[in-house]
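The structure appears right after this line, and notes come after that.
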Amino acid sequence: MESSKLTTNQITKLLHDEINQMTNADHKKFATEREIMERFSVSRMSARQILNDLVAEGVLYREKGKGVFINKRIIQRSQYIYSFTESMKERGMTPSSKVIELKKMIPPELARLTLGMEEGEFCFFLKRLRFADNEPFALETIYTPVSLVPELENYDLAHDSFYRILEEEYHKEFSYNKEVISAIEVDGDIAQQLYGKDHGISLKVLDILYDVNQQALEYAESWYHAEKYSYVSISLKR
């Protein structure tokens with residue numbers, strides 16, 4: 001039995017942290033209300049609220065008549081900039097990628113303006129299907145100026161990290177990234193790549209990465225498998 005002086009919010013955070021530290025725990029049955037009551041010396045109402053909060057945060061899910069289970073397939077947006085590979089490994093998942101397309105092209109107007117490119121200037125267009133534990137995770141498209149990474153075609157982008165290439169090969173120092181997230185219905189190629197069917201619901205993420213000189217390094221659009229994965233945004237106190 002642990003200290004009854006912990007508040008409901010403190011217990012929720014403690015359990016959230018414990019779940020994040022678990023490995024090979026996806027879909028494992030979690031503690032019941034009674035077990036939480038006994039462990040923390042709290043009322044049934046408090047135990048129920050703790051479980052409800054963890055479900056709302058996406059780290060647990062309920063199955064009617066069976067109980068509460070651990071959901072390790074949560075995408076938690078950090079205040080730090082991580083590559084896809086780093087982010088997945090941090091969550092105990094095995095990342096992999098399939099390059100669908102890599103070519104030089106004139107970028108769409110919005111991408112060109114965001115990247116500060118001249119009219120007629122070429123960019124690299126990279127399209128990859130991302131996997132976590134061999135399951136489709138996201139369809140990603142990246143626009144980046146050829147002048148920024150002229151040898152990009154020489155890298156194995158099915159296994160190498162674009163962020164690693166920017167940092168280590170081209171010595172770019174990241175400052176921040178700007179994201180716009182929206183829930184949308186997808187069809188066509190996106191739905192087929194993510195779901196293997198004609199329609200689905202996706203979390204679309206527009207991601208713009210900036211260096212310390214406020215230069216945009218990439219204009220990326222990604223579509224995440226919203227039926228399996230959730231986003232949690234953490235806001236820090238000012």
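Values in this text are rule-based calculations from the coordinates and carry no lab data. Quantities reported herein were computed from a predicted structural model and do not represent experimental measurements. Positions of Cβ are generated from backbone atoms using ideal geometry, with glycine treated the same way; all protein chains shown enter the neighbour counts.
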Six or more apart or on different chains, Cβ atoms under 6 Å: show the pairs whose first residue is in the stretch 41-65 and over 16 Å from LEU6 (Cβ atoms) and whose second is assigned to a loop (DSSP other than H, G, I, E, B) and of a type in the set (A, V, I, L, M, F, W, C). LEU60/PHE30
Look at the stretch 97-135 and say how many of its residues are surrounded by 14 or more Cβ atoms within 10 Å (Cβ to Cβ), under 17 Å from LEU157 (Cβ atoms), without any contact (Cβ under 8 Å) to a residue 40 or more places away in the chain and not aliphatic (A, V, I, L, M). 6
Considering the stretch 37-59, residues that are among the β-branched types (Val, Ile, Thr) and part of a loop (DSSP other than H, G, I, E, B), and then whichever is nearest to GLY92 (Cα to Cα), we arrive at VAL59
SER161 is checked against (1) exposed (fewer than 14 other Cβ atoms within 10 Å of the Cβ); (2) polar (S, T, N, Q); (3) under 23 Å from PRO95 (Cβ atoms) and fails just one. What number does that condition carry? (1)
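Determine if the stretch 136-146 includes at least one residue that is loosely packed, with under 12 Cβ neighbours inside 10 Å, in a loop (DSSP other than H, G, I, E, B) and either under 22 Å from the mean Cα position of the chain (by Cα) or not basic (Lys, Arg) (or both). Explain how you work it out, then say what you get.
So in the stretch 136-146, the residues loosely packed, with under 12 Cβ neighbours inside 10 Å come out as none.
No, the stretch 136-146 contains no residue that is loosely packed, with under 12 Cβ neighbours inside 10 Å, in a loop (DSSP other than H, G, I, E, B) and either under 22 Å from the mean Cα position of the chain (by Cα) or not basic (Lys, Arg) (or both).
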Considering only residues that are without any contact (Cβ under 8 Å) to a residue 40 or more places away in the chain, touching a strand residue (DSSP E or B) at 6+ places or on another chain (Cβ under 8 Å) and among the hydroxyl-bearing types (Ser, Thr, Tyr), which ones fall in the stretch 150-194? SER175, SER182
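Just checking, which of VAL180, VAL186 is surrounded by 12 or more Cβ atoms within 10 Å (Cβ to Cβ) and assigned to a strand (DSSP E or B)?
Numbers: VAL180 fails: surrounded by 12 or more Cβ atoms within 10 Å (Cβ to Cβ).
From the options VAL180, VAL186, the qualifying one is VAL186.
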Residues of the stretch 20-36 satisfying the condition of being in a helix (DSSP H, G or I) and over 15 Å from GLY67 (Cβ atoms): ASN20, GLN21
